[in-house]
Amino acid sequence: MKLIRDIRQELKAGADEATRHSAERFFKEEIKVYGWKTAAVEKLAKATFKTVKDLPKAEIFALCEELWRSGYMEETFIACTWAYAVHRQFVPADFAVFERWVNDYVTNWAACDTLCNHTVGDFLQMYPQYLGKLRRWAVSPNRWMRRAAAVSLIIPAKKGLFLKEIFGLADLLLTDDEDLVQKGYGWMLKAASQAHQLEVFRFVMDHKEAMPRTALRYAIEKMPPQLKTEAMKK
């Protein structure tokens, strides 16, 4: 489609080598990136969405899929912005689309979090009957699916929602050997602690012997010093 070609042309023309090298330092894995600052990509995403906002959601999702396929970070961010922009139109069948995007296209933590924090997180608040599907993600051989299971609940967790499901996912991910998964579920617990501090503290204390220190530190980050000290005791 001409719009996608135009976006890619603009991304190539506006690429900055220093920004590209700076971005690459944030990832262990190899990434594809043009070299745009995040704020500039967000501005481009919002501007270009104006040209597609009146299309049927299925057509917008098809454009998002085309952007995802490229593997470029900036195109991923645009796809996530467009998908979230139509969140009021989400229907239950969209879960399968989001699940496929995570499984087929997500290859780094930034793409995972950008899609899951808002798009998947909002979907789950609209259709909480799909929360159980995250348990399948949590035992996937794909580490990005496992991280996605946790980070999809970050925003709901901050609102005090889904505590039972959060603890269930943390149990499944507890001894995961991938540090980015550990950080993901630790972040989820930290978010939940904002509304349920004592419950999260008790969870951490009950599981601290098995919980990797990376996850534990994330989980208790927002807690008062005395609780942090207690949790960190050997």
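Would you be able to say whether some residue in segment 127-136 is within 23 Å of K46 (Cβ to Cβ) and buried (at least 21 other Cβ atoms within 10 Å of the Cβ)?
Quick first cut of segment 127-136, residues within 23 Å of K46 (Cβ to Cβ) only: none.
Checking segment 127-136: not a single residue is within 23 Å of K46 (Cβ to Cβ) and buried (at least 21 other Cβ atoms within 10 Å of the Cβ).
Taking segment 175-198 only, how many residues are open to solvent by 10 Å² or more (accessible area, probe 1.4 Å) and not acidic (D, E)?
Initial filter on segment 175-198 (open to solvent by 10 Å² or more (accessible area, probe 1.4 Å)): 175-180, 182-183, 187, 190, 194-198.
Checking which are not acidic (D, E) leaves us with 175, 180, 182-183, 187, 190, 194-198.
Selection size over segment 175-198: 11.
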Which listed residue is among the hydroxyl-bearing types (S, T, Y) and farther than 23 Å from A58 by Cβ, from S152, S193: S193
Would you mention how many residues in segment 217-234 are assigned to a helix (DSSP H, G or I) and either over 12 Å from S193 (Cβ atoms) or at pLDDT below 95 (or both)? 6
Picked from segment 220-234 (must be among the charged types (D, E, K, R) and under 28 Å from the mean Cα position of the chain (by Cα)), the residue least open to solvent (accessible area, probe 1.4 Å) is K228
Where in segment 131-209 are the helices (runs of 4 or more DSSP H), entirely inside, with at least 3 residues that are more than 19 Å from E99 (Cα to Cα)? 163-173, 179-193, 197-207
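Of the residues L11, L3, which is at negative phi, assigned to a helix (DSSP H, G or I), out of contact with any Gly (no Cβ under 7 Å at 6 or more places or on another chain) and buried (at least 18 other Cβ atoms within 10 Å of the Cβ)? Give the steps one after another, and end with the answer.
On the way: L3 fails: buried (at least 18 other Cβ atoms within 10 Å of the Cβ).
Unique residue meeting the criteria: L11.
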Regarding L172, is this residue open to solvent by 60 Å² or more (accessible area, probe 1.4 Å) and of a type in the set (A, V, I, L, M, F, W, C)? yes
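The values are calculated or read from the model by the stated rules, or taken from the named source; none is laboratory data. Only a predicted model underlies this, so the values are computations on that prediction, with no experimental measurement involved. Every residue, glycine among them, receives a Cβ derived from its backbone with ideal geometry; neighbour counts consider all protein chains shown. Ligands, DNA and RNA are excluded from the accessible area calculation, which covers all protein heavy atoms including side chains. Shrake-Rupley method; radii C 1.70, N 1.55, O 1.52, S 1.80 Å.
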